[in-house]
Structure formats: structure tokens, C-alpha cells
Amino acid sequence: MANDRPLAAHEILDALENVSDNEEDYRERLICILPPPVDPDCLTDEDSGEEDNVTLNNLPRNILLQPAEVMIQGQIMVSDTEEEPSDSTGRTKRRRTYAWRKRDLAKNPVNWPDVQGACQDKRPIEWFENFLDEDVISLLVSESNKYAVKKNLPGDITTEDMKCFIGILLVSGYSWLPRRRMYWENSPDTMNELISSAMTRDRFDFIFRHLHVNDNLDLQDKYTKVRPLVTLLNKKFLEFSRLEEHYSVDEAMIPYYGRHGCKQHIKGKPIRYGFKAWVGATRLGYVLWMELYQGATTMCNPIYNELGLGASVVLTFCDVLISRGFDLPYHVVFDNFFTGTPLLEEITKKGLRCTGTVRENRTSSCPLITSKLLKKKERGAVDYRTTHDNTFIIAKWHDNNIFSIASNAVGINPKQSAKRFSQSEKRNIVIEEPHMVSIYNKYMGGVDRSDENISHYRIGIRGKKWYMPLLTHMIDLAEHNAWQLYKINHGKLDHFGFRRRVAIALIESNRKNAKRGPSRPSHHEHADSRKDQMNHLVIPQSKQTRCRQCHKKCLTRCKKCDVGVCVKCFETYHS
């Protein structure tokens, strides 16, 4: 039902205050209020507040109830240097308007130089020791010994002990048992001969309880316990990485189910609970850089704070790429969590290229067709606009759903054919896919691929300390990156075979006990088969052993159970 009465002043003020922050409209708004009726009992604007500071809170009621009109003057115009006032977090938001044109992005093609070295023929253990070298092992040994001494225990962990310990951890990734002590249990269904003969159970427990990285705590860093190891391995990952044109930036989850202030829950992820990390990786999953997420104190370059967390993460990774010193036009791909027009401009200023999906409220009022109208068009339809200075392009494409994508490197053409399944026609159809979408789909999955590779053989031995999953994840990550280098250099082993070779080499080269000493038999030995009353016979044995029942010396044994049992205990043992 239409309402013909004019709006009151307070209604117009409420409407203006509720305008969406996403509307970049800085035009001047003037409110004309009709004079209030003469009422001697009503307060006027002269005695309701300060004359130079008239606000909504000190206007009298009779003025707020009067009919009013709003007039908007001026044009939408924001200069390149204009900034909005800071928000509640103290972070300023820079906004800029663009002149858009309906044309494709015109960029010169990039000829990526061939700067790779010759292939290297190394054994798996040699690739692994590129990352867990003497520097890393010395860090683990020295800090673990300091931690043990603080508990009044001998700090006698050696380099060989630590390497053998890491080898056992790698074995637990593909030979998993629910309890770590079962690797030493004297039972045929659980005991691992390689592990039990290389290191005693108590020695492994001692190293595992005192595994440490840092005691010099930084109160500003929530991950100070593992920071030296993360920093050192990040440096080595970058040092040995292969020069590639395309990289992806995304989030990764490290599983953890305990209590910690940085633990995250992300619905829909394969790993829903754990620590979140920002990761930069190649297309095949080689990780160059990783930074653990800790909220506002995340260790990104502080000069990018005003651009927001997502842009800070991407620009910090771009600085890591630039630090290699080759002055190459790298191409970084990321998803809509990171993308925004300020980020596209900053990456362009650095001389790098980027492509990423973008949320509609981050397109700086790009005049693209609405999603509702685009969805009515045929599948594969696209609408796009390019900035007047040809800096970047933003496009909206109709695929399974409507999504927007932006790039400062590639445009719509040349389009490629893509196969999709049509639900309405119940068959596969071929649609045209923009070039920028093809680039995004091809190179975006590097971080997810590394997560998948690590998850197949993740270290299975778990500890009670909150930082233990982070330490074991860094070992898994080093082994995974070593396998990536091995494959790039034409290695033939798959990930499982490579991990086995590394683990066996570490254990066999650094083992201490060549032969396992006498041990107590398992409590579950022949617990059921000895009572089946089938084919149990007493036979003599040439060597004296202990009776399984009375533990005295005996010269007889059970033929089926293959254990020493004296004649007087034979019936008791089998009943």
C-alpha cells in the first residue's frame, strides 16, 4: 500500500546512516527540514546542545518529527590519494574509483627464460638432507639437550640419535600403530624389527618427551616455540626451489585437536580442526614459504597492514619471490579471500603478475552485468571490463555458478574449450572458457596438492604438547619437498617408495643397537589358540628355556604353540 506522506527528519537520518559501506558515494547530502510549529513549552536548538556541535542526539523531538527532504549534490569522485577514516581496528581503507572500458586486457606475452640447471642424480636420502641438514639437526639436538638439563636429566642426545629418531617418525607415517610403544612390543602382529633393533623404547620416549626447538620466548609471537625451525626450513625451501613462472597462495590446515588459542575450525575442509598456515607453493605442490596464522599478530610485513590480512599474506610472499634476485615476472594465483583492487595495484607496482577470483563487493563498482541477468544467458557467457589505463581486468563468467575473476596479466582471449556436464541435457557439453579462468584452474591447486601428498603418509606418532604436531608437520613437509625435487630430476620412485628409502637410510646409518636383547613376551601371546585343545603335543628341546607358566627351566615345549612348557605345567597352560 503506497504511503504519500513526506518522510520525517529522523526517518531520513536513519536511512542515510544505514547506507551500505560498499557504496563508494561521497556526494554531499543536504537535509531540508520544515520549520517546527511554535510551542513555548518545547526546547529549541539553542538550548538543546552546543551551537557548533549539533548532532542527532541533541536535536529536539519536534524537529525530528517534521517533514523533510534530502538533496544530493556533487558527483562520485575519489582521488588516487584520498583515504577513508580509519575503522574500529585502526586500519585505514584506501578507496579509488576507476574508469572502466568494455575491452580485453592488452598485455605483451611473457617469454619465461630457461634458467634451470642440469638434472642431478642423487639418492633419496641426499635430497632429504638438503633440508634437514646439519644446521637443523644441530638446532634440534642442542635445544632438546638444554630442555632435558632443565629437568635435571642428562642432556646426552647425539646427532645420530636425532637422525634415527626422525627415521622412526617417518616409518610411523606408512606403518601406523595406535600406540607408539607397540613398535617395540614382543608380539608378532605389532613389533617392527627395524625400529626395535635400532633404538630402545625408553631411549625413543626420552627424545620424544624432550624434543624442543626454542626456549627464548617472544611474548608477541604465539608460535615462538617452533619459530626457529619454521624460519630455518623456509630459508632452505626457497634456496633449493626450482625457478617456475606460476605459484599459488592458499591456506593449509595442520591437524590438532587439543586446546590452544590459535586452533581454528574451518567448515568444509578435509581437516576441520587444527592450526592454519598461509602457504606459497608451485603447481605440483612444492612449498616455498609457510607462515602460521595467529590472528592480528601474524608475522607478515607490517607495511601492508592497511591493505588487510589477505593482501598482506600475498604481498609478503611476493617479497619472498623477489628476494631470490632474478628479477623475473612471476605469476601468483590466489582465491577470493585475498583478491581486491588495491592488491592488484600493489602487485603491478612490484612488476609481478597475478590472477584470482574476486568477491563482488571488492570490484570497486565495476559496471558488470548482474549475476541474476548473467545466469539467464547460456552457459559460458562472460562479461568483462578493463581499467582505462589497462592495468587489470575484472570479468564475470557463467559456469556451474556465477563467479568473478580479476587479473593484471591475462585477459579473456584466447578462449579455450572446456567440457562440462549439463544437468538439463544429461550429457557432456563443450563451452568456451576465458583464458584467465584456464590459468586459474591450472595453477591454483598447488597448496591443496601438497596437503594431499602429506596426508597420505603423515607421521602417526602423537604427543601431548601442543607444538608437537607442528614439529612433525615440518618434518613431513621437508620429506615431501625432497620428493618433489627428486621427481623433477627424473626420479622413478613414487612418494611411498621415496619415503621408505629415506626412513630406512636414516635408521640403518644411525642405529646404536645391532641386536635386540632378551625381553618379556607379550601378555597376548597365544591367548586364545593355546586353549583350543587341538594338536598340542609335548616334544623335547635340546636347549633349556623358561617355562611360560612357572618360569622355571625346562627341556620340553609345545609343538603347536612353539613355547617352552614343562610337563607338569602343560595342562595348566593349555586350559
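The values are calculated or read from the model by the stated rules, or taken from the named source; none is laboratory data. These figures come from a predicted structure and were not determined experimentally. All Cβ positions, glycine included, derive from the backbone under ideal geometry; neighbour counts span all protein chains shown. Remember, those area values only see protein heavy atoms, side chains included, never the ligands or the DNA or RNA. Shrake-Rupley method; radii C 1.70, N 1.55, O 1.52, S 1.80 Å.
Data for the structure
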| item | result |
| --- | --- |
| Other-chain or far-sequence residues with amide H under 5 Å of THR97's (modelled H) | VAL78 |
| Inverse of mean 1/r across different Cα pairs in the range 412-559, Kirkwood, Å | 22.8 Å |
| Cross-link table LYS107/LYS349; LYS465/LYS512; LYS531/LYS560, entries beyond 20 Å C-alpha to C-alpha | LYS465/LYS512 |
| Calculated from backbone phi, Karplus (6.51, -1.76, 1.60) coupling profile of the range 561-571 in Hz, x at Gly/Pro | 6, 6, 9, x, 9, 6, 5, 6, 9, 4, 5 |
| Nonlocal amide H pairs with ARG557, under 5 Å, H built at 1.01 Å | ILE539, GLN541, VAL565 |
| Relative contact order for the range 130-265, counting Cα pairs under 8 Å that sit 6 or more residues apart, in percent | 26 percent |
| Listed residues MET534, MET299 arranged by accessible area, highest first, probe 1.4 Å | MET534, MET299 |
| Residues in the range 188-205 that a label on THR545 would reach, taking backbone N under 20 Å of a point 7 Å out along Cα→Cβ | 188-193 |
| For the range 450-575, with +1 on Lys and Arg beta carbons and -1 on Asp and Glu, the positive-most of PHE498, HIS574, HIS524 along the dipole | HIS574 |
| Within the range 240-324: Cβ-based charge dipole about Cα centre, in debye rounded to nearest 20 (Lys, Arg +1; Asp, Glu -1) | 480 debye |
| Accessible area of LYS276 in the full protein assembly, 1.4 Å probe (Å², nearest 10) | 20 Å² |
| Whole-percent carbon and sulfur share, accessible surface of the range 229-314, 1.4 Å | 51 percent |
| Under 17 Å from LYS543, Cα to Cα: lysines that are on another chain or at least 8 residues apart | LYS552, LYS553, LYS559 |
| Cross-link pairs LYS163/LYS235; LYS151/LYS225; LYS376/LYS442; LYS122/LYS492 - those with Cα-Cα distance over 19 Å | LYS163/LYS235; LYS376/LYS442 |
| Nitroxide proxy distance, nm - points 7 Å out along Cα→Cβ at LYS235 and LYS377 | 5.3 nm |
| Backbone HN-Hα couplings from phi across the range 305-322 [Karplus 6.51/-1.76/1.60, Hz, Gly and Pro as x] | 4, 5, 8, x, 5, x, 5, 4, 5, 5, 5, 5, 5, 4, 5, 5, 5, 5 |
| Qualifying trypsin sites (Lys or Arg not before Pro) in the range 324-399, DSSP loop, other Cβ atoms within 10 Å at most 11 | LYS376 |
| Kirkwood Rh, angstrom, the range 197-344 [1 / mean 1/r, Cα pairs] | 17.3 Å |
